[in-house]
Amino acid sequence: MNVLVTGATGFLGTHLVKKLKDKGFEVYISNTKMANLEKIENLIQEFSSVKFGYIYHLAAVTKAGDYCLSHKADQWLKNQTINTNMLQYWKDYQPQAKMICMGTSCSYAPAMPMREDNYLLGRPESSLYTYAMTKRMLLLGLQAIEHQYGLKWLYFIPSTLYGPGFELDDNHFIFDFIRNCYNAKYNEEQFVVWGDGEQRRELIYVGDAVDAMIRLRAHKNQIFNLGSGQDYTINEFAQKVCEIYDYDYKLVRHDMTKYVGVREKKIDTTKVLKHIDEKDFLKMPLEEGLGASVEYFKEKYRRRNK
């Protein structure tokens, strides 16, 4: 079966493409260089003779950290453009395909339980509001096309993804910690945590998320949270990374002037666990996954700096 993956060269995309190919799917990709989504004509021309069974739409313009504070217009204009183009392409040229899209836990209102039926309710965190609303609009687009044209879709909402295969300059907090602890241990730099470190976060291993995204593909018109169901403080994550490097956690410093986002973020995984047994869904223990991520970083860093 033919599958199209947008954002295919990103962190999640590279893992998904590999897994789909391993399972025998014929995979076609879109990225900024191939079938760039800012113009729908690129999709029409590139895949004019292909019919897809599934379209995994992962592409999004965003970055972790404080990017969201100073790039609100870019996030809105670019994400609305590529999402609208994908929905239009799906409806007009690939209606037989199931559209599978990625949401974001940032779209949940901090004051409400992060459960699928609350995704469109309440107000997202103000600093993340613009990006969060582009993802809500994507879901509304899927629902509108289903309502009027009867097309099929899925929508996944992951907690923070981690694992090997990330870019060295990726600034999601856990990759920041892996990079900063390396530099603290080997390059005599300081490992700095933003804020007091008591904000809570949840990780899911990228391989576990990808497996779920493929296993659940037979469902239709559903939203699924994908998370570990276990959160930790930022300080606890920093300590775990320090233990892997054998670096003294007491040397870690905090910068109280930095942006820290919401104080707590843990999504409800009750729904997904009704369809996938927990032992089959969450196969990678956190410490083992962090260890693999650290080893990946060390090897890639050393190769780059030879």
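Bear in mind these aren't lab numbers, they're just calculated from the coordinates by the rules spelled out. Here the structure is a predicted model, which is why all the values come from computation and not from measurement. Neighbour counts run over all protein chains shown; Cβ positions are idealised from the backbone, glycine included.
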Cα lying deepest toward the dipole's positive end in the chain, options ILE223, VAL50, GLN190, charges on Cβ: VAL50
Label-point separation in nm, ASP246 to GLU198, each point 7 Å along Cα→Cβ: 3.4 nm
Sorted peptide list for 122-130, 160-168, criterion being average Cβ within 10 angstrom, highest first: 160-168, 122-130
For region 122-176, convex hull volume per residue from C-alpha positions, Å³: 129 Å³
Degrees between helix 286-304 axis and first principal axis of the chain (Cα, 0 to 90, nearest 10): 90 degrees
Distance from region 125-193 to region 204-252 (C-alpha centre basis), Å: 12 Å
Relative contact order (%) - the chain, alpha-carbon pairs under 8 angstrom, separation at least six: 18 percent
Cα long-axis angle, helix 173-186 against the chain (0 to 90 degrees, to the nearest 10): 40 degrees
Label-point gap, in nm, between GLU167 and ASN31 - each point 7 angstrom along Cα→Cβ: 1.0 nm
q = 0.21 Å⁻¹, region 121-218: log10 I(q)/I(0) [Debye, one scatterer per Cα]: -1.24
Helix 72-93 vs. the chain, principal-axis angle (Cα, 0 to 90°, nearest 10): 40 degrees
Within region 32-105, trypsin sites (Lys or Arg not before Pro) in DSSP loop having at most 15 other beta-carbon neighbours inside 10 Å: LYS33, LYS39, LYS51, LYS63
Computed magnitude of the charge dipole of the chain (debye, nearest 20; Cβ of K, R +1, Cβ of D, E -1): 740 debye
Radius, Kirkwood style, for region 136-285 when every pair of distinct Cα atoms is counted (Å): 17.4 Å
Value of relative contact order over region 34-187, rounded to a whole percent, pairs C-alpha under 8 Å and six or more apart: 25 percent
Phi to ³J(HN,Hα) by Karplus 6.51 cos²θ - 1.76 cosθ + 1.60 over region 27-40, Hz, x for Gly, Pro: 9, 10, 10, 10, 8, 5, 9, 10, 6, 3, 7, 6, 10, 5
Principal axes of region 57-168: Cα extent on each, largest first, Å: 38, 33, 30
Distance cut-off 23 Å, percentage of C-alpha pairs in region 5-131 lying past it: 39 percent
Residues with amide H under 5 Å from that of LYS98, placed H, sequence gap 5 or more: TYR54, ILE55
Extension reserve of the TYR259-LYS39 stretch, reckoned as 0.36 nm per residue once the Cα distance is removed: 75.8 nm
Positive-end residue of CYS242, TYR232, THR269, charge dipole of region 206-283 with Cβ unit charges: THR269
Efficiency of FRET from Cβ geometry, LYS185 and LYS279, R₀ 30 Å, rounded to 0.05: 0.30
Translational diffusion coefficient (Stokes-Einstein; Kirkwood radius from C-alpha pairs) of region 190-246 at 25 °C, 0.890 mPa s, in µm²/s: 178 µm²/s
Relative contact order (percent, whole number), region 128-220, Cα cutoff 8 Å, 6+ residue spacing: 33 percent
